[in-house]
């Protein structure tokens, strides 16, 4: 009996290591970006029936697990409010150090509102660089204005 | 007597509103990006003497305040560990929902290590879009590998 | 020198009590709903120039304060993560007790996504009732779907 | 041996996914609203004997589980004080941003007291809209005044 | 300029000590219980005009402060979620140790619902006792049932 | 192997539901108040040998479990510092709203000291009332004075 | 205007440093232990009229401040739940490391109950020791048994 | 497979209850104080081989468990930063109320430094007293001075 | 099925105790420092294939566990934000007491930037000393400057 | 009136910036290490009379401030339990990632006990390096063993 999506995520992670699967392979198999696909496998996005079956086949999941992949998950992938993992912490630090800057510049350009985290996409790329390669990440989110009523 | 950089940030914000200054104007005046300049004015970066004097002139700061702009600040621009402002929260949410995804994909591409938040730059742009304009943000950070020793 | 919107909110609250002003009067004067207007006066929304001047006149604010009313505020109106005020706590309790229910039913109807808190409006009305009058609140938010990419 | 209502909620969620049950079907079967019924299935409300047996039949629960559905649960459906799930967070944000507004307007209309979260009902509906469908939620709670004594 | 009820509470406390006023005197003056009156003076209840003026006279408050006494306060009288003061902590401990017992016995007697903290009164009395006097407190709250809908 | 009292509490709760036992029956069987008896069954009080055996017989516990009932437990019956359950929260709210009032009035009557939560008893009764029945709770605790030394 | 005991504590600390007063001198002047006297001066105990006047004279306090010394304070002398000061932290560590041991041994000797922190005294002495002098602290608290009722 | 000392502590506690062992008996068997011995059995101290074998024999532990008794544990015996158990809380309260007093008096006597919690011993005794027996605890810790360098 | 690196760490710790393995032996076997090797075994670093196989052989791990040793772990080895273990707490205390000093001195020498915790190594040595042996730890991290852009 | 050491620290920081003083100059003037001297100026260590006067002269402090420099401070230099400043966070991260490693290796070498943070010194040096200069920090603390008693 599976009663949370988290359990399915654990199955996927166990299978990924024991079978040596790459996230990019999964993304190619379902024909979407590696960012969205990985988020889905980690329990943050909802697969449709066909995607879920493909994922299930790759990781050797039961029908019950495949059904869970099609259920909207309770999102949030981190075990604590301030992340302890150094890689993820650096992102939290960016929000901490640059958060007020981002807020000021978006408001200066667009007025009051937010950058959507739902109508949103992300693209992670390696930039080769003689001083050490760089991670380049493009975040794109629709601007949603507050309106008076 | 000024005893924290925070007080200087408050002076800058008060002057900005009463004088109607734009961050981009400040950035142009010191010849750097609007992202770094704004972060500096908000107490997250350190200005050199010339930059500090230019900033001081724009906002009408005292010599003591200008001296503080050249002191490395205690960084972190948010008043709580989980931000309450909707715009900044959306960024925290991205880290929460996509954090494990970002970690997996950077490790898949680069191995163990982090994306630097120090050797780092950010660029925020408006993308015109018939379905509603978008905020596009490019984050670029050097990959720093963990090595065994 | 005013360096935060919070200070302006304090001025408005002090004037409201000493002058005996009603939120509805303010809303009528600027021609918008009492909900949005009150949120604006409490430092959660941004006024345009004309609205700010009207608000300034009603509460007797300085030009500097009126300028601050037109600056996008750092939002979040509660002093602690779990509110202590009984009225506001009841709303937090609704989110705590019914949160998973709301999530399940919106997903059952709409699929994966959220109800926007930005493209959002609220209407609070008294319903007369022989067993004791009721507070009726209508919340209306655009559904924003997660899409794969 | 079942020693918490939470375990029964887990059984219901597991059965719901593997059997493809809709909350509305459950609500129809027991003849109550989808909002109250779902809250009950998620461990926030108490079923009477007949309701519990109907729910038990739908989800294939044991007699012991059906007995637990009739026990008043320890309520609160969220795993953390500040919810991480984006949909539920938006509701928390409404309380954060509009909390002081709701407080002011209810007090302006009714005086000191609260809007009950016990003598309370909720109704969630889809509103079709050419700019994107909306989620409309009506909350209705009895006003309970503080009295002096 | 007074912008929070808290400031008025501070004025009352300062006057109480410097003038040597007793809470019971205040209660007698406004003709209500010492429990409700003290809670009001400490910023947790709302006075009507006549009560506020009596309180204002006793403590020597300004008209502005008297106006604030008639405004519904943001309630919650403790500086931390877990109180540090030994007397108040003992009450928190009662909730911690006996909380589940209180819940079980009220549900056994009344079914699902709560004991109201709004339609509520409290009476504190000294009971003389040869083994040491006792504090006896009677709490009386209306039972509010959850109903299905 | 049982290694915490908590496990015994779980056994009692499971047996209570499956056998339909009432707390009052247990209290009658051991000849003490329903308040103390329930607190004991919920792992907050220590039974003597005879009481433990009676409780064990009622709930069908093993000898090992009965031995644990006679061990002083690690007390505290709530899963979080601020309780999420609405009934228990109302009690926490009483401490929050009336805490400073209780403190002031006990000190006004008794001087510096506390109301004991150890030399303490509690009595919960239904009061019939045409406006809706009330829960009346009497708390009685010995006053313990601070003395100088 | 003084509105909290904390302000008086600050005055005492300021005077102590500028006048070079020792706690033992204060204790001698009021004829009580240095432990209780210091706790009183630091805002944790209540002085009677005569003691307050002596303390006031030593530290040069105003009549208003002397009145506050006779008011029962809101106790708790540390600025955070886990103390950061190394000396005070060591005591917190003793509670953390030895807490369960203290609990087991008091219960083994006395049965269920507590060691009072109210009917309590403390004595701090230097023990000369060739391996380095030691701090010896004797804590004495009345045992208060839980009784059934 | 045992992978934490905590599991061994659980085994000891289970055996203690089912076999009715007293901590003093264990202390006598290994020839050390009851305080240190109990702390060791509760997973806070490290036994040497001979002590571990004696403890293992008394509680009927496996060889693997006996090996774990000789491994330095991750210390800290309380499940939360602020303890909920009334007996242990009283100790935390002593640190909260008297913490600043202890700090002042040790510094007045010894200068800057701490009372060691490592080079430390504790002795718990019953003091018979006609007003109710008392728990007397002697804490002895070496003074460690901060030195300049 | 293994689904987290944490489970492998538990296996290593269990095997270490039951087999009596020393960290230095493991470090010698893989030819790296004892610091890095131990961190790796405790789930904080990533082994390459050959290292993982050596570690697996020493601790008797399954192929699946050995595969997990080569996966980048979610880092952070402590169970709470403020560590409770006395040895680890002392390090946290150094950061608390000396943190601002370290910041000032590194900035005085290097300007704005950080000392890397990634391009970092650590060396722990015993220094014999007649007054008691000392633990000497050398931390070496690359300085990473913030640059303007 | 100065009532906390913190106020003196603020005066020192203000003077340092306006006068352009270096910590090394201060250290030279009092003839001690830059690490200890800076910690003292930042309110973490206690100066003797002569040192305090030298510091007072350098920073232009009043006699009252100089008296405070000789009072043992309430230590802890960071504004939050998890530091937000990137430089200081890296040190916290070292404790988080390497904490269990440090614990294991010190215990492997010395047995149960701690590395003192009181009988402790720190030395921070620049190491020139063609790949980028490094910060080298030597921490030296006396090993303090736990002993049985």
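The values are calculated or read from the model by the stated rules, or taken from the named source; none is laboratory data. In this text the structure is predicted, and so the values were computed from the model without any measurement. For neighbour counting, all protein chains shown are included, and Cβ atoms are generated from backbone atoms with ideal geometry for every residue, glycine included.
Condition test on residue I:32, is it within 14 Å of residue I:72 (Cα to Cα) and either under 17 Å from the mean Cα position of the chain (by Cα) or modelled with pLDDT under 95 (or both)?
No; evaluated as a whole, the condition is false for this residue.
Given the conditions (1) within 30 Å of residue G:138 (Cα to Cα); (2) within 14 Å of chain D (Cβ to nearest Cβ), report the number of the one that residue F:88 does not fulfil.
Of the numbered conditions (1) within 30 Å of residue G:138 (Cα to Cα); (2) within 14 Å of chain D (Cβ to nearest Cβ), the odd one out for residue F:88 is (1).
So residue G:4 passes all but one of these: (1) crowded, with 16+ Cβ neighbours inside 10 Å; (2) on the phi > 0 side of the Ramachandran plot. Which condition number does it fail?
Every listed condition holds for residue G:4 apart from (2).
If residue D:96 meets every condition in (1) at the interface with another protein chain (Cβ under 7 Å from one of its Cβ atoms); (2) within 19 Å of the chain's Cα centre (by Cα); (3) in a helix (DSSP H, G or I) apart from one, which number is that one?
Residue D:96 satisfies all of (1) at the interface with another protein chain (Cβ under 7 Å from one of its Cβ atoms); (2) within 19 Å of the chain's Cα centre (by Cα); (3) in a helix (DSSP H, G or I) except (2).
Please determine, by comparing only the residues of region J:106-115 that are part of a strand (DSSP E or B) and at the interface with chain I (Cβ under 7 Å from one of its Cβ atoms), which one is surrounded by the fewest Cβ atoms within 10 Å (Cβ to Cβ).
Going residue by residue through region J:106-115, those that are part of a strand (DSSP E or B) are J:113-115.
Within this subset, residues satisfying the condition of being at the interface with chain I (Cβ under 7 Å from one of its Cβ atoms) are J:114-115.
Numbers: J:114: 27, J:115: 25.
Selected residue: J:115.
Restrict the check to region J:57-80 and report whether at least one residue is modelled with pLDDT of 95 or more, within 14 Å of chain G (Cβ to nearest Cβ), under 28 Å from residue I:36 (Cβ atoms) and buried (at least 21 other Cβ atoms within 10 Å of the Cβ). Show your work before the answer.
Initial filter on region J:57-80 (modelled with pLDDT of 95 or more): J:57-76.
Then drop every residue that is not within 14 Å of chain G (Cβ to nearest Cβ), which leaves J:61-76.
Okay, now just the ones that are also under 28 Å from residue I:36 (Cβ atoms), so none.
Within region J:57-80, none of the residues are modelled with pLDDT of 95 or more, within 14 Å of chain G (Cβ to nearest Cβ), under 28 Å from residue I:36 (Cβ atoms) and buried (at least 21 other Cβ atoms within 10 Å of the Cβ).
Taking region D:31-47 only, how many residues are surrounded by fewer than 21 Cβ atoms within 10 Å (Cβ to Cβ) and more than 8 Å from every other protein chain (Cβ to nearest Cβ)?
1
Mind listing whichever residues of region J:108-142 are in contact with a helix residue (DSSP H, G or I) (Cβ under 8 Å, 6 or more places away or on another chain) and closer than 18 Å to residue I:133 by Cα?
Correct list: J:108, J:113, J:114, J:115, J:116, J:117, J:118, J:120, J:121, J:122, J:139, J:141.
Just a yes or no: is a residue in region E:73-80 over 25 Å from residue G:74 (Cβ atoms) and out of contact with any strand residue (DSSP E or B) (no Cβ under 9 Å at 6 or more places or on another chain)?
Within region E:73-80 (the criterion being over 25 Å from residue G:74 (Cβ atoms) and out of contact with any strand residue (DSSP E or B) (no Cβ under 9 Å at 6 or more places or on another chain)), the answer is no, since none of the residues qualifies.
Going by the structure shown, is residue A:124 modelled with pLDDT of 95 or more and in contact with a strand residue (DSSP E or B) (Cβ under 8 Å, 6 or more places away or on another chain)? Please lay out each step first, then the result.
Numbers: modelled with pLDDT of 95 or more: yes; in contact with a strand residue (DSSP E or B) (Cβ under 8 Å, 6 or more places away or on another chain): yes.
Judged against the criteria, residue A:124 is a match.
So residue A:84 ticks every box in (1) in contact with a helix residue (DSSP H, G or I) (Cβ under 8 Å, 6 or more places away or on another chain); (2) more than 30 Å from residue I:114 (Cβ to Cβ); (3) surrounded by fewer than 22 Cβ atoms within 10 Å (Cβ to Cβ) but one. Which box is left unticked?
Single failed check for residue A:84: (2).
Tell me the residue from H:54, H:9, H:46 that is over 18 Å from residue J:145 (Cβ atoms) and out of contact with any helix residue (DSSP H, G or I) (no Cβ under 7 Å at 6 or more places or on another chain), please.
On the way: H:54 fails: out of contact with any helix residue (DSSP H, G or I) (no Cβ under 7 Å at 6 or more places or on another chain); H:46 fails: over 18 Å from residue J:145 (Cβ atoms).
After ruling out the rest, the residue left standing is H:9.
Would you call residue D:130 assigned to a loop (DSSP other than H, G, I, E, B) and under 17 Å from residue D:42 (Cβ atoms)?
No; evaluated as a whole, the condition is false for this residue.
Take region G:117-149 and flag every residue that is touching a residue at least 12 places away in the same chain (Cβ under 8 Å) and within 7 Å of chain H (Cβ to nearest Cβ).
Those that are touching a residue at least 12 places away in the same chain (Cβ under 8 Å) and within 7 Å of chain H (Cβ to nearest Cβ): G:117, G:122, G:124, G:136, G:137, G:138, G:139, G:140, G:141, G:142, G:143.
Which of the residues that make up region J:7-30 are buried (at least 22 other Cβ atoms within 10 Å of the Cβ) and within 14 Å of chain G (Cβ to nearest Cβ)?
J:8 - this is the single residue of region J:7-30 that is buried (at least 22 other Cβ atoms within 10 Å of the Cβ) and within 14 Å of chain G (Cβ to nearest Cβ).
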